[in-house]
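These notes are about the structure you will find just below.
The values are calculated or read from the model by the stated rules, or taken from the named source; none is laboratory data. In this text the structure is predicted, and so the values were computed from the model without any measurement. Neighbour counts are summed over all protein chains in view; Cβ atoms, including those assigned to glycine, are modelled from backbone coordinates with ideal geometry. Please note that ligands, DNA and RNA were not included when accessible areas were found on the heavy atoms of the full protein model with its side chains. Shrake-Rupley method; radii C 1.70, N 1.55, O 1.52, S 1.80 Å.
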Amino acid sequence: MASADRGDGRPRRRWQDRLWAIGAVALVVGVGIRLLMNGASAWPSAVLGAVPAAAWIVWWVRRRRVRDAGAVGAEPADVPGMERQILKGAAAPRDPERRRAMAALVDSRQERLRRNRWWAFPILALIFFGTSALWFASGSVGAGSLMLGLAVVFMGWLTWYNLRFDRRLSQMRGRLRS
């Protein structure tokens, strides 16, 4: 099995990290959703509607990578690989410069994660559970039950993922300090 690192100690780039791949996936998903909602005969409008959305997603991902890379002192193309190392629980880099960049990324991600947690979770819960309550109040038990189930599943998954990511960031910080 091939090593996940390049010769210079940086993680190997994956095709999923490339902007063209992100744009292509966003375009396919956008067209697919529009075709499911409007029927197969609406494919021209589905393509025309999905292209701006895919372009916006690519712009947003690129902007986020450039800002993160500037804040931590790394290359924008290296940010997804560093995030993957954090999520997989990989060993800390040996190069002091890469270690410093990884530590700055960990601090940035953890600060952002904890800063927005206090308001994002209650607002999302209000939206999802409030929508369910409105469905029940309008007399639609089926839609209210479906929305309540989706709310419980989504909020549970979001809480689990948030805590897992926070734990992985703390573990990486510990590995970087040792």
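For the chain, the Kirkwood hydrodynamic radius from C-alpha pairs, put into Stokes-Einstein at 20 °C and a viscosity of 1.002 mPa s, yields a diffusion coefficient of 111 µm² per second. Ellipsoid fit via the Cα gyration tensor, the range 134-176: semi-axes of 38, 6, 4 Å, each the root of five times an eigenvalue, largest first.
Of the solvent-accessible surface of the chain, computed with a 1.4 Å probe over protein heavy atoms with every protein chain present, carbon and sulfur atoms account for 67 percent. Label positions at residue 53 and residue 77, each projected 7 Å from the Cα along the C-beta direction, are separated by 3.0 nm.
In Å², and per residue, what accessible area does the chain have when probed at 1.4 Å with the other protein chains present?
Heavy-atom accessible area per residue stands at 64 Å².
Mind jotting down the distance between the C-alpha centroids of the range 21-57 and the range 144-178, whole Å? Each part reduced to its Cα centre gives a spacing of 29 Å.
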